[in-house]
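To start, the structure under review is shown below, and the notes come after it.
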Protein chains: 2
Amino acid sequence: MSLDVLTPVSELTAALGDAVVTEPDLMLAYRRDQSLLTAAGMPLALVRARDTDDVVAALKIAHRHGVPVVTRGAGTGLAGAANALDGCIVLSMEKMNAVLDIDPAARTATVQPGVINGDLAAAAAEHGLWYVPDPGSRAISSIGGNLATNAGGTCCAKYGVTGDHVTRIKAVLADGRIIHTGAATRKNVAGLNLTQLLVGSEGTLAVIVEATMRLRVAPTAAATVVASFPETAQAIEAVLAIRQVAEPCLAELMDRTTIAAVNDMTHMGLDESAGALLLIQCDGRDSTAEARICAQACADAGATEVYDTDDPVEGEAFMQARRVALTALERRGSTLLDDLSVPVHRLPEMLQAIEGIAARYDLTIGTFGHAADGNLHPTIVFDASDSEQSARALQSFDEMVVECLSLGGSISGEHGIGVLKEPYMEAMVGATERELMARVKEAFDPTGILNPGRGL
Amino acid sequence: MSLDVLTPVSELTAALGDAVVTEPDLMLAYRRDQSLLTAAGMPLALVRARDTDDVVAALKIAHRHGVPVVTRGAGTGLAGAANALDGCIVLSMEKMNAVLDIDPAARTATVQPGVINGDLAAAAAEHGLWYVPDPGSRAISSIGGNLATNAGGTCCAKYGVTGDHVTRIKAVLADGRIIHTGAATRKNVAGLNLTQLLVGSEGTLAVIVEATMRLRVAPTAAATVVASFPETAQAIEAVLAIRQVAEPCLAELMDRTTIAAVNDMTHMGLDESAGALLLIQCDGRDSTAEARICAQACADAGATEVYDTDDPVEGEAFMQARRVALTALERRGSTLLDDLSVPVHRLPEMLQAIEGIAARYDLTIGTFGHAADGNLHPTIVFDASDSEQSARALQSFDEMVVECLSLGGSISGEHGIGVLKEPYMEAMVGATERELMARVKEAFDPTGILNPGRGL
C-alpha cells in the first residue's frame, strides 16, 4: 500500500485489525444511544478498543486525518451525546470492562471505563464495600459513561453524584497523549482540577481509559417509608420538612400517571387513588428511628397512607417499583424523557407547571424523580406516528425546560446535554461562559475532533 | 493629561480614586501572605476593591497594559500564592465582605469574597444553619481565599472541602468580562464544570467576586472522644478501625512535640507521656453511641487513656487545644509548615518517615493534622537566624514532600501550591498534565496577567 492511498480506515485496520468494523449493518447498533428524537449520523468506522493502546492508536490516526471521534460507553445515554456523526469514528469502550483492582485498605476500585455500574457495585460488595452512585441505568450503563455525563441516581442528596466518587482518571488526549488526573488522596489541591473538568464533559475533552472510584463501607441497616399523598405538593411539603430533621439517603417521587403505569406493569398494588407517592430510605445504625421521623413528617404533611419497614427485601421491592417507572411509561407509547433539576424548594412550582403544560397540550406526562435533590424526569407519552402529536410533545418539552430555567433550575441534572439539550445551553450558561467552555475544550483538543458540537 | 502619559497607575487612580494605594509603606502589609521563606515582590499599586465594578475596572486597565494582577483575600495563605510580584497590581478583596443573602429555603448563602469564614458561619447559625468548612484559619481567612485554595478543615472526611460546598461563582475574567458558573441546584451537568475549575485555582483564572455556598442544618448533638496513645502508629490504627464501623466528623492527631507545645501555651494538662493524641468528634442524633464505638476502637488499638463526653463546652475546649497547635509551635522558633496529604492507610509510613527525617536532620518537627482524611501538617521548628539550621529545615521539608509523593500522596491537601510547592508540581501532576493546565489557564487569561507562575 503506497502512502498516498492511506485513508483513516485503512490506517485503522492496519493498526487495530479486527477491532475495526466498517460493515454498515454491524455499525448500525453503534449509531445511537437510547434517546429519541435526536439526530444520528453514519460512522466511517467503529473501533472496539481492547486496551489503552488501541485508544491511543485510534486517536492518533483520527487526529492526523482530522476525523471526528465519538466515544461510546454502553450506549444507554439519554441525550444523544454518543450518537454518531456522519463520517466519524465511533470509539466503543465496551470491551474495556475489567475491574482492575479493588483496594480495601484504600477503599478504592480502579476500573476500565466499560465496566457496568452494577458489576462494579457487585465487585465492591464482595469486599463489604459499597459503590454508591446508582443511576436508573445501573444494570446496563458503564462507569465511563457515568463519568462522562456525571450520572446521578437515587442517593445523590446524601452521597453525591458520580463525580463526587472519583479520585483519579487516566485519559487519552485527542493527539494520543496519556494524562493522569487527581490523586489517590481524599484531599488534593495541586493545580487545576482536571478530574472534575473531565467529569460531565461527554467525550469532548479526552477519552477516559481508567478511573479510580471511591468506595464506602456498606451501611449496616436501612429502613424504608412509603407514603401516598392526595397531591404532589404535599409530598414535596413532606420532603422539605424531612430535610430539617433527618437525612434520608433517598426520597423518590412518583406522580399519579407513573403510579398507574407501574401498577399496570407490575401488579404491585400501589395506591392509585394517590396523586403522589413518596419512597424514602434511611440508612445507618440510626435508620429505624430516622425512618419513623420521616414517616411522621409525611403524615403531618397530609399523607393518606404511610408505611414503614426495616425489612430490606420489602424495601427493595418498593425500590424496584420506582426503578421500573420509565419502562412502565414506555409501555404506554413513545416517550420523551426530560431531566430537569430545580432547587428542592422550587419543586412545587415545577410540578405545577408540568401539570399545566400537560393539560394545555393535551398530553400524558408522567413525572417521577429524585425529590430529595430536586431532579425530576417528566416523561411525555405520545404517539410518534402522529406528527401533530409529536410536534405537541416537542413543544411541551420545550416549555418545561424554559419553565425550569425560570425557576433557577438546570437544564440537566444527570443525563447531560448531548444533542437534546444543546439548544438551551446558551440560555443556561450564558454566551461568555459558553465561549469559555469552547476555549477550554480547545486547550484539550485543539483540532476539535472529540465529539464536536456536543455537550457544551 | 495627554494620552501618551497614561500609565497603569494614573489610569487606576483616575478610575478608582482612593481605592488605589501606591505609597510603599501602605503597600508593605499587602506584599505577602503568612508563609515563610517564599519570595515576594514590590507591587506597582494596591487596589482595595469596593465592588465588582472596581474589579472590572482594575482588570481592564491591567489587561490593556499587560500588568500582572495578584488577587488577595485576607492574606492568610500559607504557600505564597498571594505574595506580590514585582510591578504587579495587588487586588485586595478584603472590603468586599458582605453576606449578600442567606436563603433558608434554598439553604444557601451568597457572599462577597472578602467575608471571613467565621462570619459566614455565624450568619448561617442565626438561621439554624451550618456553614461546614472550618479551616484552621476560620477566624481570619476569607471565603474567596478558601475557594481559591480549596481550603479544608477538620470535617472534610465526612463533609468534604470548600469546593464541595460551593454551588455558584460569579467571577471577573482577566479582560474584565463577568462570568457566572454553576447552578442553584444540587445536580447540574450543563457543560464543563467551570466552578470546580475556579476552586483551587489560586487567582490564576479569574477573580471571584461572589459565591453561593451550601449550608446544612446544624447537627442537634455532638460527642467528643480524646485518646492518648504511646505511639502515633497506634493512633492511626484506631482511625483505620473506626472508619470500618463509624463516621466521625473529625479525627485530629497531635504528636508528642505538638502536645508539649500546646500544654506550654495553654496549661491544658494534655497527657505529655503520650506519643500521640487523637481527638474525635461524632455528630448527629446517634453521636453518643457512635462516640462510644470510637472510644472502644481507641482502647482496642492500645490507647492508654480514653475519655468521652457529650458536653459541647468540654468538646470545644479540646478542639481549641487542637486549633492552637500551630500557634503553640510558633512560640518555639521559626516554623516551616508543611501540608501533605496521603491515603489514610499510608499515614503510619508518612509519620514514621517524618520522625526519621527529624532525627536525621536533628530538627524538631511537630506534626498535627487531619488523620481522618490523611492530611498532615508536619511543622519544622528552627532558628531562622541560623543559616545552617535554615538550610537543614529546607532540606528536611524537601525530603518530606518527596516521601509523600512516594506514598502516592499529594504535595498539598488544603494550602495550595503558590510559590512554596511550585518546584514539586511536575513530579506531582506530570509534564503533559502541567502543560494542559497552562493551556486551560490560557483559555481564561490569554495574556497571562492573573497571578502568573503560581498555582499550576
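The values are calculated or read from the model by the stated rules, or taken from the named source; none is laboratory data. Owing to the predicted nature of the structure, the values given are computational and were not obtained by experimental measurement. Counting neighbours? That spans all protein chains shown, and the Cβs are built from the backbone with ideal geometry, glycine included.
Check residue A:188 against each of (1) polar (S, T, N, Q); (2) at the interface with chain B (Cβ under 7 Å from one of its Cβ atoms); (3) touching a Lys or Arg at 6+ places or on another chain (Cβ under 9 Å) and name the one condition it does not meet.
It fails just one condition, (3).
Kindly indicate whether any position in region A:352-365 is modelled with pLDDT of 95 or more and either touching a Cys at 6+ places or on another chain (Cβ under 7 Å) or within 14 Å of another protein chain (Cβ to nearest Cβ) (or both).
No, region A:352-365 has no match at all.
Counting just the residues of region B:150-169 that are touching a strand residue (DSSP E or B) at 6+ places or on another chain (Cβ under 9 Å) and either in a loop (DSSP other than H, G, I, E, B) or among the small types (Gly, Ala, Ser) (or both), which one comes out farthest from residue B:182 (Cα to Cα)?
Going through the qualifying residues, I end up with B:154.
Residues checked against (1) among the aliphatic types (A, V, I, L, M); (2) under 30 Å from residue A:123 (Cα atoms); (3) away from chain B (no Cβ under 12 Å):
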{"position": "A:159", "(1), (2), (3)": "no, yes, no"}
{"position": "A:174", "(1), (2), (3)": "yes, no, no"}
{"position": "A:184", "(1), (2), (3)": "yes, yes, no"}
{"position": "A:204", "(1), (2), (3)": "no, yes, no"}
{"position": "A:207", "(1), (2), (3)": "yes, yes, yes"}
{"position": "A:210", "(1), (2), (3)": "no, yes, yes"}
{"position": "A:214", "(1), (2), (3)": "no, yes, no"}
{"position": "A:221", "(1), (2), (3)": "yes, yes, no"}
{"position": "A:230", "(1), (2), (3)": "no, no, yes"}
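Any idea which residue in region B:344-383 is surrounded by the fewest Cβ atoms within 10 Å (Cβ to Cβ), counting only those that are without any contact (Cβ under 8 Å) to a residue 40 or more places away in the chain and of a type in the set (Gly, Ala, Ser)?
B:359
Do any residues in region B:324-343 that are within 14 Å of chain A (Cβ to nearest Cβ) have Cβ atoms under 8 Å from those of residues that are of a type in the set (Asp, Glu) and assigned to a helix (DSSP H, G or I), where the two are at least six apart or on different chains, and which pairs are they?
B:342/B:349
Out of everything in region B:332-343 that is of a type in the set (A, V, I, L, M, F, W, C) and within 15 Å of the chain's Cα centre (by Cα), what residue ends up being surrounded by the most Cβ atoms within 10 Å (Cβ to Cβ)?
So, considering only residues that are of a type in the set (A, V, I, L, M, F, W, C) and within 15 Å of the chain's Cα centre (by Cα), the one surrounded by the most Cβ atoms within 10 Å (Cβ to Cβ) is B:340.
So which strands (runs of 3 or more DSSP E) stay within region B:289-386 end to end and still have 2 or more residues that are hydroxyl-bearing (Ser, Thr, Tyr) and more than 23 Å from residue B:220 (Cβ to Cβ)?
Of the strands (runs of 3 or more DSSP E) lying wholly inside region B:289-386, those with at least 2 residues that are hydroxyl-bearing (Ser, Thr, Tyr) and more than 23 Å from residue B:220 (Cβ to Cβ) span B:334-337, B:364-370.
What is the number of the single condition among (1) more than 19 Å from residue B:436 (Cβ to Cβ); (2) touching a residue at least 40 places away in the same chain (Cβ under 8 Å); (3) part of a helix (DSSP H, G or I); (4) among the charged types (D, E, K, R) that residue A:434 does not meet?
The number of the failed condition is (2).
With the condition being touching a residue at least 60 places away in the same chain (Cβ under 8 Å) and over 23 Å from the mean Cα position of the chain (by Cα), I'd like the strands (runs of 3 or more DSSP E) fully within region B:184-282 carrying at least 2 qualifying residues.
Where strands (runs of 3 or more DSSP E) fall fully within region B:184-282 and carry at least 2 residues being touching a residue at least 60 places away in the same chain (Cβ under 8 Å) and over 23 Å from the mean Cα position of the chain (by Cα), they are B:222-229.
With (1) free of Cβ contacts under 8 Å to residues at least 24 places away in the same chain; (2) within 20 Å of the chain's Cα centre (by Cα) as the list, and residue A:419 as the residue in question, which single condition is left unmet?
The single condition residue A:419 does not satisfy is (1).
With the checklist (1) within 14 Å of chain B (Cβ to nearest Cβ); (2) under 23 Å from the mean Cα position of the chain (by Cα); (3) crowded, with 24+ Cβ neighbours inside 10 Å in hand, flag the one item residue A:444 doesn't pass.
(2)
If a residue must be crowded, with 19+ Cβ neighbours inside 10 Å and at the interface with chain B (Cβ under 7 Å from one of its Cβ atoms), how many such residues does region A:421-433 contain?
Adding up the residues that qualify gives 4.
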